[in-house]
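To keep things clear, I will list the structure first and then write my remarks on it.
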Amino acid sequence: MNQRLDGIRALVTGASAGIGLAAARALLAGGAAVAIASRDPAAAAAEVGAHPVAADLATPSGPGVAVAGADEALGGLDVLVNNVGIAELADWHEVTDDQWQAAWETNVMSCVRTIRAALPHLRASRHAAIVNVASTAGKRPSLGMPHYSVTKAAVLSLSRLVADAHAKEGIRCNAVCPGPTRTPAWLAEGGLADQTAARRGKDRDEVLAGVGAGRPMGRMAEPDEIGAVIAFLASPAASYVTGAAWSADGGTVPVII
């Protein structure tokens, strides 16, 4: 089994921190050449030795800019990792139309547009793979994050659709479903831990401890644990894996799917 990625050229979106940066690090460790795309990728790219591509993936033109920049930097494209996403807490009936639209544009349309832009390059590759970062919330909706949950379910459906549509062209497409992970989305000031603490009248450390304790494995994930799964799905070791919704959640969602 070959999990090396020597000669593979990969684009990771939303890779300035968290799971995206961990995925870039894992791909680079496997031998891949990596471009990372975000609004401000320079510092993260310098940190791990990747090529920075500045693009706003939530806009209609951003995904095309990201793919073109990665193609120019890497001389082609074999792997696309869609990691851009936003999440915030709300009761579902409080979410405004604008919030629903922002979640849809960022969490779903960024994937649609980036895949669409990457297809000509992936068709020319001998090792074409797409990995979309979804969530456990896409399998089992979170009452606290309704628009995030619905859009991540759409990412799962999109991943299966793309897998079916392009399997005969040798393009694999899979989704990864992380559970709560110790990334800036949770840990940064104003992030999900702070939002939860404010809503529940608790200390943020209590919130984080409770979130970890709620997993069968008793803790939150580390970003590198998710990055390793992404790198595996991008590698030749996963050459017969497509259309999967790969859970990396410490047993959070208790279903076989």
* Among the candidates LEU122, LEU187, LEU158, which residue alone is more than 24 Å from ARG215 (Cα to Cα), surrounded by fewer than 22 Cβ atoms within 10 Å (Cβ to Cβ) and of a type in the set (A, V, I, L, M)? -> LEU158
* Select from the range 79-94 the residues that are among the acidic types (Asp, Glu) and either without any contact (Cβ under 8 Å) to a residue 24 or more places away in the chain or crowded, with 24+ Cβ neighbours inside 10 Å (or both) and list them in ascending order. => GLU94
* **Evaluation of ALA237 against (1) hydrophobic (A, V, I, L, M, F, W, C); (2) in a helix (DSSP H, G or I); (3) surrounded by 19 or more Cβ atoms within 10 Å (Cβ to Cβ); (4) touching a residue at least 24 places away in the same chain (Cβ under 8 Å) (one fails), failing number** => (3)
* Would you mind telling me which numbered condition in (1) within 29 Å of SER142 (Cα to Cα); (2) surrounded by fewer than 17 Cβ atoms within 10 Å (Cβ to Cβ); (3) within 19 Å of the chain's Cα centre (by Cα) GLN99 fails? => (3)
* Tell me which residues, restricted to the range 198-233, are part of a helix (DSSP H, G or I), among the aliphatic types (A, V, I, L, M) and surrounded by fewer than 15 Cβ atoms within 10 Å (Cβ to Cβ). => ALA198, ALA209, ALA213
* To do: Could you list, in sequence order, all residues of the range 56-77 that are closer than 11 Å to THR114 by Cα, in a loop (DSSP other than H, G, I, E, B) and of a type in the set (A, V, I, L, M, F, W, C)?
  => LEU57, ALA58
* helices (runs of 4 or more DSSP H) lying entirely in the range 109-182 (those with 2 or more residues that are at pLDDT 95 or above, among the polar types (S, T, N, Q) and on the phi < 0 side of the Ramachandran plot) -> 110-123, 146-166
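The values are calculated or read from the model by the stated rules, or taken from the named source; none is laboratory data. Please read these numbers as outputs of a predicted model, since none were measured by experiment. Quick reminder, even Gly has a Cβ in these numbers, built from the backbone with ideal geometry, and neighbours come from all protein chains shown.
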